[in-house]
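Just below is one structure, and these are the notes that go with it.
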Amino acid sequence: MSAAPDTGTPAAWWPGQQTLPTAPVADRRIAFVPMTLADLDAVHEVEKRAYPHPWTPKHFRDSLQAGYPVVMLLGQALPGEMPSPARSDGRVLLGYLVAMPGVDEVHLLNITVAPAFQRQGWGRFLLDALVLWSRGQRAQWLWLEVRQSNQPARHLYERYGFTAVGVRKGYYPAGHLAREDAVVMSLDLRTPGAVQPGGEGA
Ligand SMILES: CC(C)(COP(=O)(O)OP(=O)(O)OC[C@H]1O[C@@H](n2cnc3c(N)ncnc32)[C@H](O)[C@@H]1OP(=O)(O)O)[C@@H](O)C(=O)NCCC(=O)NCCS
C-alpha cells in the first residue's frame, strides 16, 4: 500500500455489474462498484480491521477528489450471512482498491480484502481486474509498495508475477517514532503472456 495518494487523472472504464467468469467463489454474485463518499464509513471500517496502520478517511477522500479509480468489490450476501459493516443494499464489502494512473504506468495505492474474506481468492481477483483495466489504459507497468513485514501481500504479489525492484527506506510509519522500509515491486504489462488471470506470472 502506498503511504499517501498523489495527484492524477480521471478514472475511466471498470468491469461492471456482472458475475465475472473468474469469480473465485462462483456462488456469490459480485460487482465492481466505484466508491463514493457515501461508502467512506464502511470502507474505513474495513481498512481499520485490515491494517495496524490504516489509511485515514482523508486518504480516501483525496483519492476520490483526484479522480483515481477507487473501486469496491461487493458481493451478494449468502443465506444467513450478516454483512458487517452493514450496507443499505444488503451487499457485502469484500474488498477494494485504489490506483493512480500515470503516463504509461499505473501505481497501486491500496488493495484490501476484508479480513473475513481473505484467503478465498479475492486478492488475486482484484489484481486481475486491475491488470485488465490498466491494459485498457495502455499502461506498460504496474507499480506498488509493500511493507517489508507484510508477508501475505508480498506472497500474493510474487505469486502473481510482480518483481521486487528496490527498497524505500523508512517509507511507512511503524508505531512510536519508528519507520518501516517498503519493497517496491513492478509488473510488466507489455507481454501478453506475462500475467495469467487468476494465476501466476510466467
Ligand atoms: C494481502 C491481501 C490483499 C491478500 O488477499 P487475499 O484475498 O487474502 O488473497 P488470495 O486469497 O487471493 O490469495 C492469493 C495468494 O496470496 C498469497 N497469500 C494470501 N494471503 C496469504 C497469507 N496470509 N500468507 C501467505 N500467503 C498468502 C498466497 O500465495 C495466495 O495463494 P494461495 O492461496 O494459492 O496460496 C489480504 O491479505 C489483505 O487485504 N491484507 C490486509 C491489507 C494488506 O496488507 N494489503 C496489501 C497492502 S500492500
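The values are calculated or read from the model by the stated rules, or taken from the named source; none is laboratory data. Bear in mind the structure is a predicted one, so any value in this text is a computation, not a measurement. Cβ atoms come from the backbone with ideal geometry, glycine included; neighbour counts cover every protein chain shown.
See the values below:
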| item | result |
| --- | --- |
| Residue that is surrounded by the fewest Cβ atoms within 10 Å (Cβ to Cβ), among those in segment 49-78 that are within 15 Å of the chain's Cα centre (by Cα) and free of Cβ contacts under 8 Å to residues at least 40 places away in the same chain | P54 |
| L156 surrounded by fewer than 22 Cβ atoms within 10 Å (Cβ to Cβ) and touching a Gly at 6+ places or on another chain (Cβ under 8 Å) | yes |
| Among (1) in a strand (DSSP E or B); (2) loosely packed, with under 15 Cβ neighbours inside 10 Å, the one test that R138 misses | (1) |
| Count of segment 134-149 residues which are of a type in the set (S, T, Y) and more than 13 Å from the ligand (Cβ to nearest atom) | 1 |
| Residue in segment 79-133 that is surrounded by the most Cβ atoms within 10 Å (Cβ to Cβ), counting only those that are of a type in the set (V, I, T) and more than 12 Å from the ligand (Cβ to nearest atom) | V106 |
| Criterion violated by A164 - all others in (1) part of a strand (DSSP E or B); (2) buried (at least 22 other Cβ atoms within 10 Å of the Cβ) satisfied | (2) |
| Subset of segment 96-108 [over 15 Å from V33 (Cα atoms) and either of a type outside the set (A, V, I, L, M, F, W, C) or in contact with a helix residue (DSSP H, G or I) (Cβ under 7 Å, 6 or more places away or on another chain) (or both)] | P101, G102, D104, E105, V106, H107, L108 |
| Failed item in (1) away from the ligand (no atom under 14 Å from the Cβ); (2) at pLDDT 95 or above; (3) of a type outside the set (A, V, I, L, M, F, W, C); (4) surrounded by 14 or more Cβ atoms within 10 Å (Cβ to Cβ), with K169 passing the rest | (4) |
| Checking L144 against (1) farther than 28 Å from R29 by Cα; (2) more than 12 Å from the chain's Cα centre (by Cα); (3) not acidic (D, E), the condition it does not meet | (2) |
| Residues (aliphatic (A, V, I, L, M) and without any contact (Cβ under 8 Å) to a residue 40 or more places away in the chain) located in segment 171-191 | L177, A178, V183 |
| Cβ-Cβ under 6 Å pairs, at least 6 apart or on other chains, segment 119-139 side in contact (Cβ under 8 Å) with a residue 24 or more places away in the chain, far side hydrophobic (A, V, I, L, M, F, W, C) and within 7 Å of the ligand (Cβ to nearest atom) | W122/V113; G123/V113; G123/L156; L126/I111 |
| Residue within segment 99-109 that is farther than 20 Å from G121 by Cβ, out of contact with any Cys (no Cβ under 6 Å at 6 or more places or on another chain), in a loop (DSSP other than H, G, I, E, B) and not aliphatic (A, V, I, L, M) present | yes |
